[in-house]
Amino acid sequence: MDYATTLLAAVLLGVGFVLQQFAAEQEPESRFLHLRILTDLLRKPRWLVGIGCMVAGYLLVAWSIDHLELTLVEPLLTTYLVWALILAVPLSRQPVKLAEVIGAVILIAGVGLLSATRSVTPIGMDFGSFSNWYAAAIIAGVAFVAVMIGHRRTGQVRATLTGLGAGLVFGIQDALTRQTLTGLQGSSWTVLFTTWSPYALIGAGFAGIWLMQNAFSAAPLHASLPAIAAGEPIAGIALGIVVFGDSIQITPGMLAIQAGGIAALIIGVVAVARSSAFSGLRKITAKAAPHGLPGRLFPAGSADGQSPSGSADGQSPSGSADGESPAAPPAGQLPAVPADGQLSRPPAPRKFSRPAHRRQVHDSSSGGEAC
């Protein structure tokens, strides 16, 4: 039951991450690391569904953390990459490649190896005092440095470093979840208001979601998801050992199995997350996002109320005094775009053109004037 709950949580997390990235990809680069990115996403139904799936997934994660070791829960959660790939394939309409299937198998094998070396019963649940949380401060510092370096970069490098920061923060969040559940054992729920861990848990959750949306908006999913998937279990396993005293097997055989499991986990994460289905989601969001039209060929109007490209005498745009029709725009350019953003129909050609009545001087042998 505990294993099934963790795998169901991985399914919900994978679906939630894909739906969130599908919406966050449309955010402009100028909103990177700004809180407005969250206020914009709150108005997108697809993103709200993704957040709902993620929240439900983390509620199941909390159940798993309360019944299993943190060093066992974290590897199982990395399987959300497989479920995310299953959802991304029909959305992006990209075929599944053999390398991605092999990567998924390697990922599952790594999770199996790590799970085989862990005890199902949580050990050290009476640990987790505030004095042991220096490791979380170190991990948070690494996340901060990664995000600051990514802020000075663009594209995939920015998404990878920001995703790494988000993954590390999510690992801290998992440890804080365990700390909060430990405080609830044998106590009333009102203890949540008098201890520090619930407030730290809320702060870590908000920071992780914010960083993840910024990573999703910077580049396609294959650039940020490997870092998120790798950073969370690394931080969670480290805190499980340092803060909560989770047991590790130090015999040569067990160490070899654990090293093989970690290596397979990393290789599988990278292979699955670099799937063309994840990068294909960017093309779909690019088609769904509103595109700006090229710049106007003619100004929409001037401050003095004249017509576009018109002169003070009220002549038509680009027209001459003899009533000729305006010249056509150059090849490859669109006609003028008015202020409301919609193209106006070209004026119908006039059947008759009467030249303006004006006095002309003709040279004649008599030197007279003609009207």
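The values are calculated or read from the model by the stated rules, or taken from the named source; none is laboratory data. None of the values given here were measured: they were computed from a predicted structure. Here the Cβ is made from the backbone with ideal geometry for all residues, glycine too, and neighbour counts use every protein chain on show.
So here's what we get for this one:
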{"quantity": "Count of residues meeting criterion [closer than 18 Å to Glu27 by Cβ, buried (at least 24 other Cβ atoms within 10 Å of the Cβ) and modelled with pLDDT of 80 or more] in region 218-232", "calculated": "5"}
{"quantity": "Region 192-209, residues that are touching a residue at least 60 places away in the same chain (Cβ under 8 Å) and either surrounded by fewer than 18 Cβ atoms within 10 Å (Cβ to Cβ) or not in a helix (DSSP H, G or I) (or both)", "calculated": "Trp196"}
{"quantity": "Selection count, region 60-114, where residues are among the aliphatic types (A, V, I, L, M) and without any contact (Cβ under 8 Å) to a residue 12 or more places away in the chain", "calculated": "2"}
{"quantity": "Meets criteria (touching an Asp or Glu at 6+ places or on another chain (Cβ under 8 Å), surrounded by 19 or more Cβ atoms within 10 Å (Cβ to Cβ) and in a helix (DSSP H, G or I)) for Val61", "calculated": "yes"}
{"quantity": "Region 153-173 residues that are at positive phi, paired with ones that are crowded, with 24+ Cβ neighbours inside 10 Å and at pLDDT below 90 (beta carbon under 8 Å, 6 or more apart)", "calculated": "Gly155/Ala218; Gly155/Ala223"}
{"quantity": "Which numbered condition Leu98 fails, given (1) buried (at least 20 other Cβ atoms within 10 Å of the Cβ); (2) at pLDDT 80 or above", "calculated": "(1)"}
{"quantity": "Residue within region 38-61 that is modelled with pLDDT under 85 and of a type in the set (Lys, Arg) present", "calculated": "no"}
{"quantity": "All positions within region 162-191 that are of a type outside the set (Val, Ile, Thr) and surrounded by fewer than 24 Cβ atoms within 10 Å (Cβ to Cβ)", "calculated": "Leu181, Gly183, Leu184, Gln185, Gly186, Ser187, Ser188, Trp189"}
{"quantity": "Residues being free of Cβ contacts under 8 Å to residues at least 40 places away in the same chain and within 28 Å of Thr177 (Cα to Cα) - total across region 30-39", "calculated": "3"}
{"quantity": "Checklist (1) surrounded by 19 or more Cβ atoms within 10 Å (Cβ to Cβ); (2) in a helix (DSSP H, G or I); (3) touching a residue at least 40 places away in the same chain (Cβ under 8 Å) applied to Glu27, failing item", "calculated": "(2)"}
{"quantity": "Where Met148 falls short, out of the listed (1) touching a Phe, Trp or Tyr at 6+ places or on another chain (Cβ under 9 Å); (2) among the aliphatic types (A, V, I, L, M); (3) over 22 Å from Thr71 (Cβ atoms)", "calculated": "(1)"}
